Amino acid sequence: MPREARVDRRRYLQAIGGTVATLSVAGCQSDSGDSQTLTAGTAPGFPPFEMKQDGELVGFDVELLEAVVAATEYELSGWEELEFKSLIPALNNGNVDVVAAGMTINDERDKAIDFSDPYYSSNQAIIVRENGSFSPSSLEDLSEAAVGAQKGTTGESVIKDQLIEAGTIPESQYNAYGNYVLAVEDLLNENVDVIIIDVPVANSFVADRPIKSAFVHETGEQFGFGIQSGNDELAGALNSGLTTVEDDGTYRDLTEKWFGQK
Ligand code: ARG
């Protein structure tokens, strides 16, 4: 047989084999497609992790989760936007499969849901109006202040546990908001005197509004992706996806893009 013909025949067989293989893979994916498709949940208004830009959901969490899932055999079908305090219930009733919302891993939440490995660290900033006379330097200094935070957050926990429970302020001095954008607006409108909010998000608000960070309350928080309790397969996939994006430089590129640092 001339060489050309042999090559052609092999190519032909490869082409047939290739087509069959492609079809069977496609068949597999559509069979198990439902279980491999993930709906993500988040709570915008938390820049630069998740926010609306020209009507579009953007941010570090959005791009990070998309890159992580792309490194797994799961597929992301879309995003649900909810209030932060509705995210854990949405996981538990199956409306979303994974939460990417700058959500701090803690014991209380660990009872209701599971978390991926941590992907970001944070503390709580106490922010005030830039040109105001009020410049506290400790939680005790907040005794006369009207304080604000987003409902269901760890910023709110600082207020409830360290200010109200501790007797520093009465409950009436706490204003709870559906999101931090509204809280910061109320700070600018002088309806509250301080907001307690994650440091990287405080930095983002401070960058383009006349507000400043008065001091940082160290909480040593770590953010993780939330998933349903006991979904170890998804936890494993997200964790290896996180390792992949850390190793291949995607994680560094995203922190540089959204936080302006390496
Ligand atoms: N890290 C804080 C927490 O877990 C605040 C998260 C708020 N996230 C958001 N997307 N609004 O409670």
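The values are calculated or read from the model by the stated rules, or taken from the named source; none is laboratory data. Since the model is a prediction, treat every value here as computed from it, not as a measurement. Glycine gets a Cβ as well: all are built from the backbone with ideal geometry, and neighbour counts include every protein chain shown. To get the accessible areas, we keep the full protein, side chains included, count just its heavy atoms, and leave off ligands, DNA and RNA. Shrake-Rupley method; radii C 1.70, N 1.55, O 1.52, S 1.80 Å.
What is the gain in length, in nm to one decimal, between Ser229 and Arg209 on full extension, counting 0.36 nm per residue of separation less the C-alpha to C-alpha distance? The partial results should precede the final answer.
Values: separation 20, 0.36 × 20 = 7.20 nm, distance 3.93 nm.
That pair, Ser229 and Arg209, stretches by 3.3 nm at full extension.
Whose amide H sits under 5 Å from the amide H of Asp198, counting only residues 5 or more places off or on another chain, with H placed in the peptide plane?
Here Ala125 satisfy the definition.
Mind ordering 189-198, 125-134 by average Cβ neighbours within 10 Å, highest first?
On the way: 189-198: 20.8, 125-134: 16.9.
Answer by packing, highest mean first, reads 189-198, 125-134.
Which of the peptides 178-184, 52-58, 221-227 is most tightly packed, and how do the rest follow, judged by the mean count of other Cβ atoms within 10 Å per residue?
For the peptides 178-184, 52-58, 221-227, the packing ranking is 221-227, 178-184, 52-58.
Treating only the Cα positions of the chain as identical point scatterers, give the base-10 log of I(q)/I(0) from the Debye formula at each q in 0.07, 0.13, 0.14 Å⁻¹.
After summing over all Cα pairs, the log10 values are -0.32, -0.86, -0.96.
With each pseudo-label sitting 7 Å past Cα toward Cβ, what's the Thr244-Ser133 distance in nm, one decimal?
For the pair Thr244/Ser133, the computed spacing is 5.9 nm.
Just tell me which aspartates and glutamates come within less than 12 Å, Cα to Cα, of Lys85; anything on the same chain fewer than 8 places away is out.
Lys85 reaches Glu156.
Under the definition of Cα pairs under 8 Å and six or more residues apart, what whole-number percent is the relative contact order of the chain?
Values: 435 pairs, mean separation 69.7, N = 262.
Value for the chain: 27 percent.
Taking only protein heavy atoms and a 1.4 Å probe, what accessible area per residue, in Å², does the chain have with all protein chains in place? Mind dumping the intermediate values first?
Numbers: 13320 Å² over 262 residues.
Accessible area per residue, the chain: 51 Å².
Please give the length that would be gained between Thr39 and Glu218 if that part of the chain were fully extended, namely 0.36 nm times their separation in residues minus their C-alpha to C-alpha distance (nm, one decimal). Could you put the intermediate results ahead of the total?
Details: separation 179, 0.36 × 179 = 64.44 nm, distance 3.30 nm.
Between Thr39 and Glu218, full extension yields 61.1 nm more.
Pull up the cross-link candidates among the aspartates and glutamates for Lys151, meaning alpha carbon to alpha carbon under 12 Å and not fewer than 8 places away within one chain.
The qualifying aspartates and glutamates are Glu83.
If you average the sequence gap of Cα pairs under 8 Å that are 6 or more apart and divide by the length of the range 168-262, what percent do you get for the contact order? Could you put the intermediate results ahead of the total?
Numbers: 29 pairs, mean separation 11.9, N = 95.
Reported as a whole number, the value is 12 percent.
For the range 49-134, report the % of Cα-Cα distances exceeding 21 Å. Please list the in-between numbers first.
Numbers: 1492 of 3655 pairs.
When all Cα pairs of the range 49-134 are counted, 41 percent exceed 21 Å.
For a bin width of 5 Å, list the pair-distance distribution of the range 111-185 built from all Cα-Cα distances, rounded to whole %.
That works out to 3, 13, 22, 24, 19, 10, 6, 3, 1, in percent per bin.
Cα centroids of the range 186-250 and the range 64-117: how far apart, whole angstrom?
Their Cα centres are 14 Å away from one another.
Using only Cα atoms, what is the ratio of the radius of gyration of the range 181-229 to 2.2 N^0.38 Å?
Taking the Cα Rg and dividing by 2.2 N^0.38 Å, one obtains 1.38.
I'd like the projected area of the range 165-262, averaged over all directions, using the convex hull of its alpha carbons. Report it in nm² with one decimal. Spell out each step's value before the answer.
Details: hull surface 37.2 nm².
For the range 165-262, averaging the hull's shadow over all directions gives 9.3 nm².
Would you kindly state how much longer the chain becomes between Ile164 and Glu140 on full extension, computed as 0.36 nm times their sequence separation minus their alpha carbon distance, in nm to one decimal? Don't skip to the answer; put the middle values down first.
Working: separation 24, 0.36 × 24 = 8.64 nm, distance 1.12 nm.
7.5 nm is the gain from fully extending Ile164 to Glu140.
Springs between alpha-carbon atoms under 10 Å, Gaussian network over the chain: tell me which of Pro89, Pro200, Pro47 tops the mean-square fluctuations.
Of the options given, Pro89 has the highest mean-square fluctuation.
Give the long-range amide H neighbours of Ala43: residues separated by 5 or more places, or on another chain, with amide H under 5 Å away, using H modelled in the peptide plane at 1.01 Å from N.
Long-range HN contacts for Ala43: Leu82.
Once you compute Rg and the Kirkwood Rh from C-alpha atoms, what is the Rg to Rh ratio for the range 78-232?
Here the Rg-to-Rh quotient is 0.99.
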